[in-house]
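Below is one structure; the comments refer to it alone.
No value in this document is a laboratory result; all are computed from the given coordinates. All values derive from a computational prediction rather than experimental measurement. Reconstructed Cβ throughout: ideal geometry from the backbone, glycine too, with neighbour counts over all protein chains shown.
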Amino acid sequence: MNMISKESIINFFSDQFGAERVLTDRQSLLQPEGVLVRHFEKAFGYVPKFLPVCIVKLRSTEEVSVGLKFCNDNGVSVIVQTGATSSEDQLVLVNDHTVVLDLIEMDKLIKFDTENMMATCECGMHLADLERIANEHGLTTGHCPQSQPVACMGGLVATRSIGQFSTYYGGIEDLLCGLEAVMPDGRVLRIRNVPRRSAGPDLRHLFMGSEGSFAAITEVTVKLFRYYPDDFWKGAFIVDSFERGIDAIREILVSGFKPSVVRLYDKPDFDRNYGSAHLDEGQAVMFFVVEGPPDITRVSGDNINKIAAKFDAVPLGEKVVDHWLATRNDCCNTLGSEQTREEYRQTRVFYTTCEISASWTDIKEIYADVMKNVPEKIDNLVMLGGHVSHSYQNGTNIYFVYELKAKDPLTMIEVDDWNVVNAITTEVLKYPTGGMCHHHGVGKVRTRKMREEHGSSYFLIEDLKELFDPNGIMNPGCLLAQD
C-alpha cells in the first residue's frame, strides 16, 4: 500500500468535518495526549519523538466510522482518545504517520434508566459528570478511580479500569452492561445490555482492556447502584506488619464481608502519601469503608472490628479514613501544573507506581522479594513502598510506589522507570499466580513483558489483532510490542 501524503490526510478530514475541527498547529500536536502523560519529562522540555499528522475532533459514531475507514483504506495509523489520562504511554505515538481521533466532544448522556439501574452515555462523557447525575438521584456508578475527576467513560472501558471502591462494586468488567464500537474498517457493532447471557463467549471482553488496539469504543452502558453516603461505616487500624495486615484482610474477605474500600499501607507508602497516623518501623495501616443499607454496614463493621482484634490490630477510629477520602484524588489537580513541574526541576525526583496482583499464597512472598531485591538493582531509587487497594476472594493486589532520582530527565520513562517496572514485574512473574499488571494496562511500557505474562495463550492476542485490525492501524505498539 502506497503511503498517502500528510497533506492529503489533512485535506480529507478538513473536507469531511470542517477545517476548524482538524488541529494541525504545533502547540496542539505537542500535547495530544493531555498534561498527565509524560508530566515529569515535560518539566524539562520534553518533545515527543513523533507528532501526529493532525488531531481530529469527532462528534458522532458515524463520523468515527468515516474517519476510521479512511485511515484503514490508506494505511494511516490511528490513536483514539477521550480523557487522555493514561499512565502507561497508551497515547504516545510510534510513527509520524498517525492521526489522533479525539472523541471528547461525544459526551452526551443518552439514557438514565432508574428502573433497570443502567446509564448509557457516549464515550467522551466524564465519569465525574455521570457520577454527579447519579448522586442527584440517590444513586452511584460505584466506579471511582483516582482519575475520576478527569477520566471519560470510553477510556475507562478500553483500559479495563478499576475504582477505589472495587471490593464491593467490582471493576469495569463487573459494571459494563453493553457497548457500541467501530471497527477499523468502519463497521459499527453493538453489544446489547442484557443482564447475563450464555450465547457463546462474552463479547464485551474483546473490547475491555483492548486499549484502542482493536476498535474505537463510542458508547457504553454501565450499572447504577443505590447510594448510602450517610450510612458509611469507617474504621482504621495499625497492624504489626504489612504481612499481618494481608492475613487480616484475607480473613475479612473469605468470611463473606464486602467492604467497598479495603486498603493496607506499609510505612514508606503511608508516610510519603498520608502520614495521618504515627507508625513505628515495620508497622502498617489498614482501613475500610463499608457501604449499603445501615443495618448491613453496622453488622459488617462490627465483624471487621472483631476480625481485626484477632490479628492484634490497634483501632485508629475514622480520622485516617476521612483524610484519605478527602485527599485521594488530589494528584489530578496537581500533575502537569507549573508548580509541580518546578518541583521536578528543583529535585529531579520522580514519583510513580507499578500495580500487580497475586493469590493470597503468593502475594506476601512477592512483596518481600520486591522490597528486598529491587533496591539492589536500582541505584537511583529514593523510596519504595506499597499498598493493597483491591482485594478478592482468591487474592489481592499490591500497588508498589517509588521515587527515582532522574539520571537524565528526558529519558525517565524509557530508561529509569522501565528499569524499576522490569525489576518489579520480573519478581512477580516468578510466581504461578503473579500478574504483572492489575489495572493501569500495558500501553507501550509493559508490552515487553506480555509474552511472559500470557505464556502459551499469547498467540490469541496476536490472532485477535490480526483478525480485527489486519492493516495494523489501531494504536500500533500497544498491547503487542513492535519488533
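Could you pull out which residues in the stretch 114-150 have an amide N less than 18 Å from a spot 7 Å beyond the Cα of THR353, following the Cα-Cβ vector? The answer is 127-128, 142-150. Normalised by 2.2 N^0.38 Å, where N is the number of residues, the alpha-carbon radius of gyration of the stretch 109-226 equals 0.99.
Note on the stretch 414-480: Kirkwood hydrodynamic radius from all Cα pairs is 13.0 Å, rounded to one decimal. With each label point set 7 Å from Cα along the Cα-Cβ vector, what nm distance links HIS205 and GLN339? Placing both labels 7 Å beyond Cα along the Cβ direction yields 4.4 nm. Packing-based ranking of 257-264, 294-301 yields 257-264, 294-301, ordered from highest to lowest mean Cβ neighbour count within 10 Å.
For the chain, the Cβ-based charge dipole about the Cα centre amounts to some 340 debye (Lys, Arg positive; Asp, Glu negative; other atoms uncharged). Each DSSP beta bridge with both residues in the chain is either parallel or antiparallel, and the antiparallel ones are about 85%.
Projected onto planes of every orientation and averaged, the convex hull of the alpha-carbon atoms in the stretch 332-465 covers 9.5 nm².
Tell me, what is the Rg over Rh of the stretch 230-328, with Rh the Kirkwood radius over Cα pairs? Walk me through the numbers before you get to the answer.
Values: Rg = 12.6 Å, Rh = 13.4 Å.
My calculation puts Rg/Rh at 0.95.
By the scheme Lys and Arg +1, Asp and Glu -1, what is the net charge of all other residues having a beta-carbon under 12 Å from that of LEU404? Intermediate results must be reported in sequence, preceding the final value.
Numbers: positive: ARG348, LYS405, LYS407; negative: ASP379, GLU403, ASP408, ASP416, ASP417.
It works out to a net charge of -2.
Cα-Cα pairs above 17 Å in the stretch 313-399: how many percent? That tail contains 67 percent of the Cα-Cα pairs. With one equal scatterer per alpha carbon and no solvent term, the Debye-computed log10 I(q)/I(0) for the chain at 0.11 1/Å reads -0.95. With neighbour counts taken as other beta-carbon atoms within 10 Å, the residues HIS143, HIS390, HIS439, HIS454 rank, fewest first, as HIS454, HIS439, HIS390, HIS143. If you take the Cα centroid of the stretch 136-214 and the Cα centroid of the stretch 356-388, the two points sit 30 Å apart. What pairs from LYS223/LYS267; LYS377/LYS465; LYS407/LYS444; LYS310/LYS372 go past 25 Å between their alpha carbons? Where the Cα-Cα span goes over 25 Å, the pairs concerned are LYS223/LYS267; LYS377/LYS465; LYS310/LYS372. Which shape class, rounded, prolate or oblate, goes with the stretch 6-105 when its Cα gyration tensor gives a ≥ b ≥ c as root eigenvalues, a/c under 1.5 marks rounded, and past that a/b bigger than b/c marks prolate? It is prolate, given that a/c is not under 1.5 and a/b is the larger ratio. Near PHE13: Cβ cut-off under 14 Å, other residues only, Lys/Arg at +1 and Asp/Glu at -1. The net charge is -1. Structural descriptor for the stretch 332-465: relative contact order 29 percent, calculated from alpha carbon pairs under 8 angstrom and at least 6 residues apart. Inter-part distance, the stretch 265-314 to the stretch 114-132, computed on C-alpha centroids, equals 32 Å.
Between ASP231 and ALA368, what length in nm is gained on full extension when 0.36 nm per residue of separation is reduced by their alpha carbon distance?
Details: separation 137, 0.36 × 137 = 49.32 nm, distance 3.72 nm.
Extra length available between ASP231 and ALA368 comes to 45.6 nm.
In the stretch 6-105, a dipole from Cβ-located charges (positive for Lys and Arg, negative for Asp and Glu) runs towards its positive end, and of GLY18, GLY75, VAL100 it is VAL100 whose Cα lies farthest in that direction.
Site pair SER276 and ASN2 shows an inter-label distance of 6.4 nm when each label is modelled 7 Å from Cα along Cα→Cβ.
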